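Below is one structure; the comments refer to it alone.
The values are calculated or read from the model by the stated rules, or taken from the named source; none is laboratory data. Since the model is a prediction, treat every value here as computed from it, not as a measurement. Note that each Cβ is placed from the backbone with ideal geometry, even for glycine, and that neighbours are counted across all protein chains shown. These accessible areas exclude ligands, DNA and RNA; they are computed on the full protein's heavy atoms, side chains included. Shrake-Rupley method; radii C 1.70, N 1.55, O 1.52, S 1.80 Å.
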Amino acid sequence: MEHTNETSRDHAETDHDNAEAASAVHAPRDPGAVEEFWDARYADMAQLWSGHPNGTLLTEMQDLPAGRALDVGCGEGADALYLAEHGWRVTALDVSRVALDRAVDQAGVRKVTVKWLHAGLVDAALPRASFDLVSAQYPALLRTDENVAEHALLAAVAPNGVLLFVHHPAPTKEEAAAHGFHVDDYVGPAEVAALLDDSWQVEVDETRPRHVATGAGSHHTHDVVLRARRLR
């Protein structure tokens, strides 16, 4: 859920960036309250995000043949709609009904088909090993001792499929405390990468400069990008 720059990449601040920051600071941990929180946040504005797809998604999908895609935390649907317009069969999920209603409206305007799921990742009951691309852009996934969210991401990827997980560098404990949350509360690329065994090939694991001119995420200067392919 974030978004907006000024080249094709620069026109792509994401629908997920602002959401990542907001969720980390304010979102409750109780699943029932999470939906209420995000519905209220979306309802507060006619359009919360810019409508442009994520820049890292645009970069990383260039060499991928269109197939089945899962957009985790799709917000108002910019990534999902872009993928659908480029030949992908897209499933997109979000906990906010308000956000999904906007995404559905845009799909109608743009005349594309997306399967929209009103659910969080862990509760979505997704078919295992079914997606050629699982895209999680700045997701607000809560950490658990059992690594439930991480396992749900990995389980969704089909053999020879790609997981693309993008986040901002983790704040220091002091920075997190200043914003009212604990640095270890949310899943980051390192937690996902730690679960990759020899059935996966890491294709990208790096920190990249981020160039975003506007929006609540514009203070972030770097992104951490994890791209891994499932071998079997």
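Annotations for the structure displayed:
So that you can scan it fast, the table gives a plain yes or no per residue for (1) more than 26 Å from Val224 (Cα to Cα); (2) free of Cβ contacts under 8 Å to residues at least 40 places away in the same chain; (3) of a type in the set (A, V, I, L, M, F, W, C); (4) touching a Lys or Arg at 6+ places or on another chain (Cβ under 7 Å):
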residue: Arg68; (1), (2), (3), (4): no, no, no, yes
residue: Leu93; (1), (2), (3), (4): no, yes, yes, no
residue: Gly108; (1), (2), (3), (4): yes, yes, no, no
residue: Lys111; (1), (2), (3), (4): yes, yes, no, no
residue: Leu117; (1), (2), (3), (4): yes, yes, yes, no
residue: Leu142; (1), (2), (3), (4): no, no, yes, yes
residue: Glu146; (1), (2), (3), (4): no, yes, no, no
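- The set of residues from segment 121-142 being within 13 Å of the chain's Cα centre (by Cα) and at pLDDT 95 or above comprises Leu121, Leu133, Val134, Ser135, Ala136.
- Residue in segment 83-102 that is touching a Leu at 6+ places or on another chain (Cβ under 7 Å), under 22 Å from Asp197 (Cα atoms) and not β-branched (Val, Ile, Thr) present: no
- So Ala103, is it under 16 Å from Gly161 (Cβ atoms), aliphatic (A, V, I, L, M) and touching a helix residue (DSSP H, G or I) at 6+ places or on another chain (Cβ under 9 Å): no
- Of Ala78, Ala84, Ala69, Ala24, all but one fail to be buried (at least 17 other Cβ atoms within 10 Å of the Cβ), of a type in the set (A, V, I, L, M, F, W, C) and modelled with pLDDT under 90; the exception is Ala24.
- The one condition in (1) in contact (Cβ under 8 Å) with a residue 40 or more places away in the chain; (2) crowded, with 16+ Cβ neighbours inside 10 Å; (3) in a loop (DSSP other than H, G, I, E, B) that Asp123 fails to fulfil: (2)
- Residue count, segment 34-76 (criterion: touching a Phe, Trp or Tyr at 6+ places or on another chain (Cβ under 6 Å), part of a loop (DSSP other than H, G, I, E, B) and within 23 Å of Asn160 (Cβ to Cβ)): 1
- Exactly one residue out of Arg89, Arg102, Arg97 is closer than 30 Å to Ala46 by Cβ, open to solvent by 20 Å² or more (accessible area, probe 1.4 Å) and free of Cβ contacts under 8 Å to residues at least 40 places away in the same chain: that is Arg89.
- Counted residues, segment 208-220 - those being at pLDDT 75 or above and either among the aliphatic types (A, V, I, L, M) or surrounded by 13 or more Cβ atoms within 10 Å (Cβ to Cβ) (or both): 1
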